[in-house]
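Chemist: I am attaching a structure below and will ask some questions about it afterwards.
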Amino acid sequence: MDTFFQIPQDVVANRSQSNGNITGPQPLIKDMSAADPASIGFAVLIANWTGQGGEDYAGAAKDQLDFLEFSVPRTSDGAISHRVNQVQL
């Protein structure tokens, strides 16, 4: 399990630097895909749920969710784009 929890710890510890030192809504990792960074969210949520220390896993998960909800382009009927720079399904 140590290897499993090392992944979300590394991702959360480095996410702001990966994203240009921003705060607030942001993907877990810098990527042009909206879905790929979110796929790490499961591990981040499990790390938070099991009380893994050292990082703000809940805050990172909320920032990822807010990024998907408010920053990623959507189609006219509300579908979330797979790409962050243009609507693409």
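Chemist: Which of the residues belonging to region 22-80 are within 30 Å of MET1 (Cβ to Cβ) and among the charged types (D, E, K, R)?
Modeler: LYS30, ASP31, ASP36, GLU55, ASP56, LYS62, ASP63, ASP66
Chemist: Does at least one position in region 12-34 carry a residue that is of a type outside the set (Phe, Trp, Tyr), in contact with a Leu (Cβ under 9 Å, 6 or more places away or on another chain) and loosely packed, with under 15 Cβ neighbours inside 10 Å?
Modeler: no
Chemist: Find the helices (runs of 4 or more DSSP H) located wholly in the chain whose residues include 1 or more that are under 12 Å from the mean Cα position of the chain (by Cα) and charged (D, E, K, R), and list them. Give the steps one after another, and end with the answer.
Modeler: Values: elements: 2-18, 35-38, 41-49, 57-70.
Fully inside the chain and qualifying: 2-18, 35-38, 57-70.
Chemist: Further, regarding this structure: I'm checking my understanding of the structure. Among residues of region 13-42 that are of a type in the set (A, V, I, L, M, F, W, C) and in contact (Cβ under 8 Å) with a residue 12 or more places away in the chain, which one is farthest from ASP63 (Cα to Cα)? Step through it out loud before you land on a result.
Modeler: First, the residues of region 13-42 that are of a type in the set (A, V, I, L, M, F, W, C): 13, 22, 28-29, 32, 34-35, 38, 40, 42.
Those still in the list that are in contact (Cβ under 8 Å) with a residue 12 or more places away in the chain too: 13, 28-29, 32, 34-35, 38, 40.
Details: ALA13: 14, LEU28: 8, ILE29: 11, MET32: 17, ALA34: 13, ALA35: 14, ALA38: 10, ILE40: 13 Å.
For region 13-42, the residue satisfying everything is MET32.
Chemist: To continue, here is another question. Across region 43-68, what is the total count of residues that are within 11 Å of GLN26 (Cα to Cα), surrounded by fewer than 18 Cβ atoms within 10 Å (Cβ to Cβ) and in contact (Cβ under 8 Å) with a residue 40 or more places away in the chain?
Modeler: 1
None of the figures in this text is laboratory data; all of them are computed from the coordinates on show. Note that the structure is a prediction, hence the values are computed from the model and not measured. When we count neighbours, we look across all protein chains shown, and the Cβ atoms used for this are built from the backbone with ideal geometry, even at glycine.
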